[in-house]
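Q: Before anything else, here's the structure in question.
The numbers here are math on the coordinates, done by the rules we state, and not lab data. Note that the structure is predicted; figures quoted are calculated from it, not measured. A quick note on method: Cβ atoms are made from the backbone with ideal geometry, for glycine too, and the neighbour counts reach across all protein chains shown.
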Amino acid sequence: MTITTRDIAANGMTFRCRGAGTAGEPVILLHGFPETSHMWIPLMERLSAEGYRCLAPDQRGYSPGARPTGSEQYRTDVIAGDVFALADTWGVDRFHLIGHDWGAAAGWVAVGARPERVLSWTALSVPHLAAFAKVMAEDADQQNRSSYVGFFQAPGVAETALSADGFAALKAVWTASAPEEAAEYLSVLEQPGALTAALNWYRALGGARAADTFSIPLGPIATPTLFIWGNRDVAIGRVAAEANAAYMTGPCEFVELDAGHWLVQEAAEPVTAAIIAHLARTRP
C-alpha cells in the first residue's frame, strides 16, 4: 500500500501527515518522543490492507508548521485538541485512535475529553495517566524509571546533551529502528527549534514528579481499549502497567509482550495482530 504525505491545517497550524488507504473506517495514530509519524508506516500499510484509512501526523513541535514557542503550548490537553482539529479537517467524526509514548498520553486525554468521537482506543506503553501519577507517587521503582524526566525539563541542558557528538544520545535510542527510520527522525529533530519543541512536552508537565504534573482531570475510561506493554520497558514498570485496569469501566484488553519500550519496532507482528483484532471487535 502507498504511504502518502501531505500538510493538513488544524488549530491555526500546519501538520505534516502521513496517510494510507482511501476508504474504510478512519484511524488516527499518534507518535511519541523522539520519533515522528514514520514509526507507524508498517502498521498503516497493514491496516489499509485490512480496509481502514489511516492518518498519522507529525505532532505539535515535530511538524515545521506546528512548532509554537513556550512550554505551555505543549500541555496534553492542548495536544489532544490537535487530534480533533485534525479529524475535523480530515472530514471524519468518529475514528479509532492509537498512540505510543507521549502519543499515548495525549490519546488518554483525548479519549477522556471526547469519548463520543473515539470508536476504539489503543495505548502502547503508557497507561492511564491517573494510574501512572498514582504509582509515581507511591512506587520507588517507577520513580527511578522516570528520573530522566527532570533532566529533560532543564532548559538548554537537555538540548546540549542530546545534540552532542552529532546527536549520539538520540541515535542510541533508535537502535531498534531501521537506518532509514532513524535518519528520518534525525532530519526532523536537528531542525532549528525542533528538539526544544519536542522536549517542551516534558516541560509542560510543570514538575519532575508525575504525581504533581498531570493536571488534567482524567476519570475512568469506558471506550473499548487495548493496552499493550513490554515487560522489558525501562520507562514504565509493571506496577504502573497493571494499575491501568483500575481506571477502566469499559472493555479493556491488556497485552503483555516480551519487549521493551519501542513496541512497534521490537514486536511488530504481535502488536499488529493485537491491534487488528481490537479494531475488528469494535467496528460499529
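Q: I want to verify a result. In a Gaussian network model of the chain, Cα cutoff 10 Å, which of these has the top mean-square fluctuation: V188, V255, V271?
A: Among V188, V255, V271, the largest GNM mean-square fluctuation belongs to V255.
Q: What is the packing order of peptides 75-82, 233-240, 57-64, taking the mean over residues of other C-beta atoms within 10 Å and listing the highest first?
A: Top of the packing list down: 57-64, 75-82, 233-240.
Q: Select from G99, G32, G24 the residue whose mean-square fluctuation is largest in a Gaussian network model of the chain (Cα-Cα springs shorter than 10 Å).
A: With Cα springs under 10 Å in the chain, the top fluctuation among G99, G32, G24 is at G24.
Q: In addition: Place the peptides 191-202, 242-253 in order of packing, highest mean first, counting for every residue the other Cβ atoms within 10 Å and averaging per peptide.
A: Those peptides, ordered most packed to least, come out 191-202, 242-253.
Q: For A168 and Q191 in one chain, what is 0.36 nm times their gap in residues minus the Cα-Cα distance, to one decimal in nm?
A: Computed gain between A168 and Q191 is 6.7 nm.
Q: Put a dot 7 Å past each Cα toward the Cβ at A23 and Y148; how far apart are the dots in nm?
A: 4.4 nm
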